[in-house]
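The values are calculated or read from the model by the stated rules, or taken from the named source; none is laboratory data. No experiment lies behind these values; they were computed from the predicted model shown. As a convention, Cβ positions derive from the backbone with ideal geometry for all residues, glycine included, and neighbour counts pool all protein chains shown.
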Amino acid sequence: MDFELNEEHRMLRDSVASFAAKELQTLAEEMDDNDDWPEGLWRKLGDLGINGITVGPEYGGAGADILSAALACEELARVCPAVALSWGAHANLCCNNLNVNGNEEQKKKYLPRLCTGEHVGALGLTEPNAGSDAVSIQTSAKKDGDCYVVNGTKTFITNGPDADTIILYTKTNKEAGAKGITAFILDTKFPGFSVSRRLDKVGNRGSQTGELFFEDCRIPAENILGQENRGVAVMMSGLDVERAFFSSYALGIAEGAFALALKYSKERVQFGRPIAAFQFIQGKLADMYTQIEASRLLCYKAAIMAGQAERGGKGTEVHKIASSAILFAAEMADRVCEQAVQIHGGYGYCREYPVQRFWRDAKLGTIGAGTSEVRRLVIAGELIKG
Ligand SMILES: Cc1cc2nc3c(=O)[nH]c(=O)nc-3n(C[C@H](O)[C@H](O)[C@H](O)COP(=O)(O)OP(=O)(O)OC[C@H]3O[C@@H](n4cnc5c(N)ncnc54)[C@H](O)[C@@H]3O)c2cc1C
């Protein structure tokens, strides 16, 4: 067992870290204030080579593994969680999904422009009445000639307001439950698609989240991703990778908040000494560090195993590990950020200090991509089954 990253992973991590320090540090505050996605940022992420990080080079991607993607996500989140979130939806939920499940024509048609950042990707599963119970989605797709006619509403869709390409889950057979779900590749220029509203969130501001409306939206049958009524297979194929991605999002947030708290504790003087000299503060710092390092091991293990499983290995162990990684990382980030605010005292509660932004951003980790409660159900289900 070797706990060191190899040279390729280190180089990738360092290049994303220096990009984040140079390009995102100032932007992070502006995005939080204005709730806007910066013009030209998708192209910059494309130039960095990470928009299609796991996509094959023949389609314009970097052909890297899931651990590389997790490391990139961690480095983006350490500085600007909102960018990490949107990038994750683009690079993982859309591009990686297409790369794994798309046919040759679909990959050639859609992936190159997603990799450069000319196009923005998203994934539309959640609906106003179908969140944790994802298979109860109601958005319908009815066959009509060589098209499917889609009607319904999706909500909470990251990048939804800006997206060009959306992996869209629909019901093609309402009576068949999970066996009646079909995934499509939606080009947002197809008539009948619209963005009904942009959601105003308390965290991850700047990452665009939207409600999408489909009114007789015609999608060509050739845009089915996978097979008709086999959408759950597409959904399941990406779940563990998504959990690994999202764990590293939470890990990066915790690291960002911890760095601010550590620095502040050495600078802030009370009772004639830096507050870092007080044992209550030292205990917090030690606990935060320990939780982050424990989470890192679980996150990286999940990323490696999810990558192996995607290439056809492993079995059910990965569901447990990936679900545990995201459960632990998300709740850890929540705790670490709360403690980081506490170390900042009253200044931590003011918007001019960035630590509160991490605190708000961290909360999404226990909700998005499956809640903490559902993650516990998945882990327990696997344990009992086993
Ligand atoms: C900022 C943001 C970005 C998102 N991005 C995307 C995206 O890009 N694409 C997409 O498709 N979706 C996206 N989502 C949706 C996200 O996946 C859902 O919010 C999440 O799955 C939870 O669904 P819900 O919000 O409807 O909550 P609900 O399912 O209504 O849950 C409400 C509460 O009930 C609990 N609960 C539900 N069922 C059970 C159960 N069986 N046992 C115990 N407790 C239960 C939950 O844990 C939660 O505490 C995003 C959400 C947010 C907030």
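Observations, loosely collected:
- Of the set (1) touching a residue at least 12 places away in the same chain (Cβ under 8 Å); (2) out of contact with any strand residue (DSSP E or B) (no Cβ under 9 Å at 6 or more places or on another chain); (3) within 12 Å of the ligand (Cβ to nearest atom), all apply to Glu105 but (3).
- One residue from Val355, Val374, Val336 being among the hydrophobic types (A, V, I, L, M, F, W, C), at pLDDT 95 or above and surrounded by fewer than 21 Cβ atoms within 10 Å (Cβ to Cβ): Val374
- Flag if Arg197 is free of Cβ contacts under 8 Å to residues at least 24 places away in the same chain, more than 27 Å from Met236 (Cβ to Cβ) and under 22 Å from the mean Cα position of the chain (by Cα): yes
- For segment 154-186, the candidate set comprises residues that are on the phi > 0 side of the Ramachandran plot and surrounded by fewer than 23 Cβ atoms within 10 Å (Cβ to Cβ); within that set, the residue that is farthest from the ligand (Cβ to nearest atom) is Gly177.
- Among the residues of segment 187-211, just one is aliphatic (A, V, I, L, M) and more than 10 Å from the ligand (Cβ to nearest atom), namely Val195.
- Within segment 359-373, the set of residues being in contact with a Ser or Thr (Cβ under 9 Å, 6 or more places away or on another chain) and either near the ligand (Cβ under 7 Å from one of its atoms) or under 18 Å from Gly124 (Cβ atoms) (or both) comprises Gly368, Gly370, Thr371, Ser372, Glu373.
- Qualifying residue in segment 269-292 (condition: touching a Phe, Trp or Tyr at 6+ places or on another chain (Cβ under 8 Å), closer than 26 Å to Val378 by Cα and hydrophobic (A, V, I, L, M, F, W, C)): yes
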